[in-house]
Amino acid sequence: MIVKAQFRNRKKFIKISETCFDLFLAEVKEKFSIPDDLAVTVTDETGTEVDKDVFPDLMSTSGLVLVINELTDIGSSTPQSSVSLDRDTLSLTSKSSEESDWFSPKRFRKDDDDDDVASQQAQARDLIKQILQTRPGGGNVLKEYEDTGTISDDTRKVMVNILVAHMMETEGRVPHRLNKQKYGLGIITLFPSLRDPQGRTGYEYFYDGQKNTGFLSWRLKTVQRGTRPSGNKDDPKTEENGGPLLDRQLCYQEHQLDNDQSVEAISLMNHTSEREVIMQKMKATFEYRQRLVHDPEGSTTILSVFPRFLDTKGLILQDFTLLFGSETASRLLERWPTVFKAKVIRLGETLTSTPLLKRLLSSAKQSKESSEAQDSPEWDSDVSSFLLLLHLLSPQALGRKKIQRISISQAIDHLVVFHKACRGIQEHLELEENRQPYILASGSSKEAISHYFIVVDKKLIPCQESSSLAAIDELFKVHFVFSLSYDPPLKNLYTFLQTTVYKIDVGTTSESPRVKELRAKFLNDV
């Protein structure tokens, strides 16, 4: 096989064997004078590493782009260079050819030809429809969507398995990125209610070409036993691009005190009981406090430096509003009862029934008066609806670093804990292990809560309002006010609230496909 290749802007013809990966590397090193002692690795354009087992399958793909990664001494770096292979035309296919990908969102702009776009979508749609019509189980997928306007989680898994099996049978063990994009486009074109309205393409949770993630990609990786996952692209630490840990530009910067003035204001606050003075001085030291919470050393002392969080209600809400503005701050309280709650209950009814799920559904549907008539209600209606959301967004295994799975009942204890009012709260705090913030609900019973607190570092922050919905709102906001990462079992839940309800850092926060899928169902009203 003879190919035309490029390395560091130099072009050469290379003769290689279709089945020998070592010979390919040897020929590349010889043609481009790469020292033998310089180790190299090869990845495709998605970042997935290519090894000896996968190489023969890749060589059957035309228009392939392989990236030669030079590995020098630790601490040094060299730029990546592209080796492009085209069996059909023997012409150079540079890495910039990705820009001409007709499945890319760059194709779907106002100046595109409408007929061309419609034709591309129709081709992708017809492909998916044909596969489902001719494969065992595929007809059930089509019928369920026709009957309900959406598909269940179990049906979605069946569909993904069918499509991946067909993809690998027709294209080999390593399907090209363009084909995976075509399948993703075809899915949301055939099933419009599955499109993610906030996504770049709308089908990222089926296949995201930039991150090589999504249901299709994950299923492919499961089947491709010989292909190792790419680096750390699925590492959940990508949250730094958005979320509570981001050191962001402050929305409010008026009348802020400098360091010396802030120290004086802190001293004054610690010696006064006037709420108005405390609120005003906390507002004036907001910028100083944000620098402190984003300082790795200073962040652990935030409640010691600003102890008024522990005895003055409303300070968490004030800081969050200063960060994002009043419109963002009010979204959960305004939209949960009117937009999201009923949809959570409706989707919760489609889940596999368990005794806990039955109790939560019953409590979520009840009004306050009817709840008191129940024999053993499972929290009040609002808390129960959020626990249903936790059922819908149970912890997911992410990438190579898998989150240890815990039961739903265990995950609930990471969100809200009931404390009987007759018992000492301090004893409860002393027995607790250090963990991420959670709600401590104190009262005579779960349906008769008198006080809500946010527990942070074994300390109690009193919630401003006495309602459970306001307590959940304040719990979410604590993460941004103090720059605290999400509790892993609740990461999907918090991320969904952040991007879908509060609309914070949309498009820049790492989201699991499950979060994107649920948002598509909610925003498309299915």
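The values are calculated or read from the model by the stated rules, or taken from the named source; none is laboratory data. Given the structure is predicted, the values throughout are model-derived calculations rather than measurements. Cβ atoms come from the backbone with ideal geometry, glycine included; neighbour counts cover every protein chain shown.
Values for this structure:
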quantity	calculated
All positions within segment 414-447 that are in contact (Cβ under 8 Å) with a residue 24 or more places away in the chain, among the charged types (D, E, K, R) and either surrounded by fewer than 18 Cβ atoms within 10 Å (Cβ to Cβ) or more than 23 Å from Phe386 (Cα to Cα) (or both)	Lys420, Glu430, Glu432, Arg435
Filtered residue count, segment 176-223, keeping only those that are assigned to a strand (DSSP E or B) and farther than 23 Å from Tyr145 by Cβ	1
Test: residue in segment 274-285 that is among the charged types (D, E, K, R), out of contact with any strand residue (DSSP E or B) (no Cβ under 8 Å at 6 or more places or on another chain), surrounded by fewer than 14 Cβ atoms within 10 Å (Cβ to Cβ) and in contact (Cβ under 8 Å) with a residue 12 or more places away in the chain	yes
Index of the failed condition, Ser510 passing every other in (1) without any contact (Cβ under 8 Å) to a residue 24 or more places away in the chain; (2) part of a loop (DSSP other than H, G, I, E, B); (3) over 25 Å from Phe306 (Cβ atoms)	(1)
Any hit, segment 373-392, residues being modelled with pLDDT under 90 and either on the phi > 0 side of the Ramachandran plot or in a helix (DSSP H, G or I) (or both)	yes
Only one of Ser450, Ser483, Ser466 that is in contact (Cβ under 8 Å) with a residue 60 or more places away in the chain, in the same structural domain as Ile412 (by TED's automatic domain parsing) and among the polar types (S, T, N, Q)	Ser483
Some residue of segment 237-245 being farther than 19 Å from Ile316 by Cβ, out of contact with any Pro (no Cβ under 8 Å at 6 or more places or on another chain) and at pLDDT 80 or above	yes
Whichever residue in segment 286-316 is among the β-branched types (Val, Ile, Thr), touching a helix residue (DSSP H, G or I) at 6+ places or on another chain (Cβ under 9 Å) and not in a loop (DSSP other than H, G, I, E, B) and, among such residues, is surrounded by the most Cβ atoms within 10 Å (Cβ to Cβ)	Ile316
Flag for Leu216 being under 30 Å from Asn179 (Cβ atoms) and at pLDDT 85 or above	yes
Tabulated pairs, segment 381-392, first under 12 Å from Ser468 (Cα atoms), second outside any helix (DSSP H, G or I) and β-branched (Val, Ile, Thr), C-beta under 7 angstrom, 6+ apart or interchain	Val383/Val416
Selected residue (criterion: surrounded by the most Cβ atoms within 10 Å (Cβ to Cβ)) from residues of segment 456-502 that are closer than 20 Å to His428 by Cα and in contact with an Asp or Glu (Cβ under 7 Å, 6 or more places away or on another chain)	Cys463
Qualifying residue in segment 451-465 (condition: in a strand (DSSP E or B) and within 22 Å of Val344 (Cβ to Cβ))	yes
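Rundown of residues vs (1) among the small types (Gly, Ala, Ser); (2) modelled with pLDDT under 95; (3) farther than 18 Å from Leu388 by Cβ, yes/no style:
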site: Ser466; (1), (2), (3): yes, yes, yes
site: Pro488; (1), (2), (3): no, yes, yes
site: Lys491; (1), (2), (3): no, yes, no
site: Val506; (1), (2), (3): no, yes, yes
site: Ser510; (1), (2), (3): yes, yes, yes
site: Lys516; (1), (2), (3): no, yes, yes
site: Phe522; (1), (2), (3): no, yes, no
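Conditions tested, residue by residue: (1) surrounded by fewer than 20 Cβ atoms within 10 Å (Cβ to Cβ); (2) within 18 Å of Asn212 (Cβ to Cβ).
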| residue | (1), (2) |
| --- | --- |
| Ala124 | no, no |
| Gln133 | yes, no |
| Gly138 | no, no |
| Ile151 | no, no |
| Ala165 | yes, no |
| Gly172 | yes, yes |
| Ser193 | yes, no |
